[in-house]
């Protein structure tokens, strides 16, 4: 049975579109990863804007370094395909904390960057396989 050319072309177009999408996800992960590496490094090097922000939130100086370390390491994790999903999963609670901090201490529009990054991280988790499967503990 011969496959009509129209159907073959349609299948090829779908395959081409699907093969491009993972590259777009990778590009997004790289861009977001670099944002986290830069922001984490700014915290680790005690950049004045970061120190002022954490002081404004009422957090201790050690917390600035802890968040900076987490953001830097997991930002690097976003750059590595094998760790992308886990890094994104790890950064979501960090960004949730940032959202809460901004909601409590800043005008509403200050939430947008942290909230937007959290949504992008959730998208990356979804596109890279979703949440890890939960294993049964054997108590069934």
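Throughout, read-outs are computed from the coordinates displayed, never taken from laboratory work. Note that the structure is predicted; figures quoted are calculated from it, not measured.
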Rounded, prolate or oblate: pick one for region 60-134, where a ≥ b ≥ c are the square roots of the eigenvalues of its C-alpha gyration tensor, a/c under 1.5 means rounded, and failing that, prolate if a/b is larger than b/c, else oblate. oblate
How would region 97-136 be classified by its alpha-carbon gyration tensor: rounded, prolate or oblate, with rounded meaning a/c under 1.5 and the a/b versus b/c comparison settling the rest? oblate
